[in-house]
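Here's the structure we're looking at; comments come further down.
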Amino acid sequence: MKLGLFTDPHYSSLKVTCVTRRPSLSLGKMREALAAMADCDLILCLGDLIDDCGDPVKNREILTQAAELFRSSPVPAYSLMGNHDYHAFTREAFQETAPSVTPPPVLRLCGKTFLFPDSAYRADGISYSGNPFDWTDSFLPETELDFLRTTLADPETAETFVFLHQNLDPAVEMHHIIKNAAAARELLASSGKVKTVFQGHYHPGHENEIDGIRYITLPAMCEGEENRYAVYEI
Ligand SMILES: [Fe+2]
């Protein structure tokens, strides 16, 4: 099957942020990516779909535009929520503004299992949703680890792919790494079922292999004027 992926569009009305990001170009870039992925079986954005414009009305407008684009795709298309999405929206408000854009925790398709654990938690176990947080503080609480353990132990789960906004790969810049990444990597490896972990968040991107699992961090779509997306045959 074919999997279309992109990450960190940071779509907003702002022309330039953090010197190198071009958030206002991302709606066009996403449109181009979705068109190029028309023969895929599944399309996923790995979070930071939008950026906070500093105005709640404007934020709802840009998220609505992004959601309409996702829903216009003939291929099922979903987006995880990243730290930037949580700056502008609680999880509930995001889902209300962009209905059916966030994926269910588990998808089973073409004999494969796709898992979407939520790493938008502080190390004290509090969700980012509706709470103050520091983007460098991300964590998989026991409920999320349990979800991974239980789903991986299910006999229905065979070849598995895991998707996260924040990073399990210990080789990316340290502030981007989930605080208990080592425990999560061990859990995934011990199942013997996980092929690849796809991540966003670390904008330059990176690739690694640990204990037989590939860790692919996609480069961010919002950086510069050129587009970045990828199609994987899995
Ligand atoms: Fe991020």
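Here are some notes:
- Among (1) within 14 Å of the ligand (Cβ to nearest atom); (2) among the hydrophobic types (A, V, I, L, M, F, W, C); (3) exposed (fewer than 13 other Cβ atoms within 10 Å of the Cβ) - the single one V172 does not satisfy: (3)
One line per residue, one yes/no per condition, for (1) among the polar types (S, T, N, Q); (2) part of a strand (DSSP E or B); (3) more than 21 Å from I43 (Cβ to Cβ):
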{"site": "F161", "(1), (2), (3)": "no, yes, no"}
{"site": "V172", "(1), (2), (3)": "no, no, yes"}
{"site": "F198", "(1), (2), (3)": "no, yes, no"}
{"site": "E209", "(1), (2), (3)": "no, yes, yes"}
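- Scan of the range 22-38 for residues that are of a type in the set (G, A, S), crowded, with 19+ Cβ neighbours inside 10 Å and either in a loop (DSSP other than H, G, I, E, B) or within 15 Å of the ligand (Cβ to nearest atom) (or both), ordered by number: S26
- Residue satisfying all of: in the range 1-21; buried (at least 19 other Cβ atoms within 10 Å of the Cβ) and in a loop (DSSP other than H, G, I, E, B); farthest from the ligand (Cβ to nearest atom) among these: S12
Each value in this text was obtained by applying a stated rule to the coordinates, not by laboratory testing. Everything numeric here is computed off the predicted structure, so don't read it as measured data. Because the Cβ atoms are built from the backbone with ideal geometry, glycine has one as well, and the counts that use them run over all protein chains shown.
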